[in-house]
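The values are calculated or read from the model by the stated rules, or taken from the named source; none is laboratory data. Computed from a predicted structure; not experimentally measured. Only protein heavy atoms, including side chains, enter the accessible area calculation; ligands, DNA and RNA are left aside. Shrake-Rupley method; radii C 1.70, N 1.55, O 1.52, S 1.80 Å.
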Amino acid sequence: MIHFDCMGNVYDVVILGSGPGGLSAAIYSARYARKTLVVSKSFGGVAAKAGYIENWPGTKKILGIELVNNFVEHAKEYGVEFMEKEVKSISKKGKSFEVDLEDEKVKGKTIILSMGMKNRKLNI
């Protein structure tokens, strides 16, 4: 489980979702010196569960979990914080947002929703 204590802190950016899109957003946010938190109930999204990924530009073949781990390590180098928790609700509080998690709340000036995709059956 990835978790950093952040009780009472206000983040510049809170990203909900930790697939390639959310982790890329975290890297860019932190590179612009924004205090950034990524929240997800399971890290890596669908990409982490993939076998080999062979269509990632610049990389001929990589396991999905390796690619996600590379993203996480890259983000950590810029000071991105991570919480592996489920989001219960989001509410606007003045000029910021309050994200209610399983057992605590965090505040963010900006929220990025990057919940990605989930596989669906066609029912045919």
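Here are the numbers for this structure:
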quantity: Normalised contact order of the chain, rounded percent, pairs of Cα under 8 Å and 6 or more residues apart; calculated: 35
quantity: Calculated [θ] (222 nm, deg cm²/dmol) that DSSP helices of n ≥ 4 give over the chain, each run adding -39,500 (n - 2.57); calculated: -7500 deg cm²/dmol
quantity: Among [x] 7.2; [y] 9.2; [z] 11.5, the entry derived from the coordinates for mean projected area of the Cα convex hull in nm²; calculated: [y]
quantity: Within region 15-124, percent of DSSP bridges classed antiparallel, to nearest 5; calculated: 60
quantity: Heavy-atom SASA rank of LYS85, LYS105 (probe 1.4 Å, accessible area, largest first); calculated: LYS105, LYS85
quantity: Nearest-ten-degree value, helix 64-77 long axis tilted from longest Cα axis of the chain; calculated: 40
quantity: Built amide H within the under 5 Å cut-off of ILE15, gap 5+; calculated: LEU37, VAL38, VAL39, ILE112
quantity: Extended-chain gain in nm, criterion 0.36 nm per residue less alpha-carbon gap, ASN123 and LYS49; calculated: 24.4 nm
quantity: Net length gained if the chain between LEU113 and LEU63 were fully extended (0.36 nm per residue, minus Cα distance); calculated: 15.5 nm
quantity: Straight-distance crosslink candidates among lysines, where the alpha carbon sits under 18 Å from LYS105 and sequence neighbours closer than 8 are dropped; calculated: LYS35, LYS41, LYS85, LYS88, LYS92, LYS93, LYS95
